[in-house]
1. Amide H to amide H under 5 Å from residue 46: which residues, 5+ apart in sequence or cross-chain, H placed 1.01 Å off N in plane?
2. Taking other Cβ within 10 Å of each residue's Cβ, how do 92, 75, 233 sort, fewest first?
3. So what's the gap between the Cα centers of the stretch 166-184 and the stretch 73-96, to the nearest angstrom?
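Values in this text are rule-based calculations from the coordinates and carry no lab data. Fair warning: this is a prediction, and the values are worked out from it, not measured in the lab. Methodologically, a virtual Cβ is constructed for each residue, glycine included, from the backbone with ideal geometry; neighbour enumeration extends over all protein chains shown.
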Amino acid sequence: MMVIFSLGLSSILWIILSYSLSFSGGNVVHISSGITGLVLAIVLGAGLLWFGWFGFNSGSALGANKLAIHALLVTHSAAAIAMLSWMLIEKTMIGKPTIVGASTGAIVGLVAITPGAGFVPLWSALIIGFLVSPVCYISIGIIKRKLEIDDALDAFGCHGVGGIATGIFAEKSIGGVNGLLYGGLNLFIAQLISILITLLFAGLVSFIIIKIINVFMPIRVSERDEIQGLDVTEHDETAYPTFFGMDN
């Protein structure tokens, strides 16, 4: 019965569509891809980024092997538990979890596990994911506001973490070296030193580059332009129209 119904529906649709005109892929390319993109944006959201993260974490194993599978598992587990952890924090702090918060939690979990994806055991990925959310939540929700840092995308709060966990949880049977938990003090110290060097080098070089650019052009617009929005002041157009006739 279902087969007959499907064939009948397909015939009706074919008859209707046969009278429409599409010279070069209007329906099959633009309309279909547009609605697919909309559905993906609604359904997936940060999930697309989550899925893509598997590519470079697992891909860093340079082959379809056990290490690649392990990297995928710890990556997924850390992201999932970090999302849950963030939602629990929001439930406690503001009374309910949010979509933005849950997505942020997943991202910080992905960030935190990335340095150790090929070195730490699966159980430690759960600990890393669970603990990274409160650290980043404090950084984003408290420290940033306290210091009045203009970091709209929370680049430092979300991405300026991780690395040290590898020095703690790395296991020789996985990546060939032991972390602090298994007596590997040298790795732990090396991780701390590498983090410090990275902070100093990237911070100093970034400061120098920014200052050089500032000699030739302003690196920040006026407060008035910020309030109006750069889409208006720089490009003379509205990036996110309200559709209520109040954009002009």
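1. Long-range HN contacts for residue 46: none found.
2. Fewest-to-most Cβ neighbours within 10 Å comes out as 92, 233, 75.
3. Measuring centre to centre over Cα atoms gives 26 Å.
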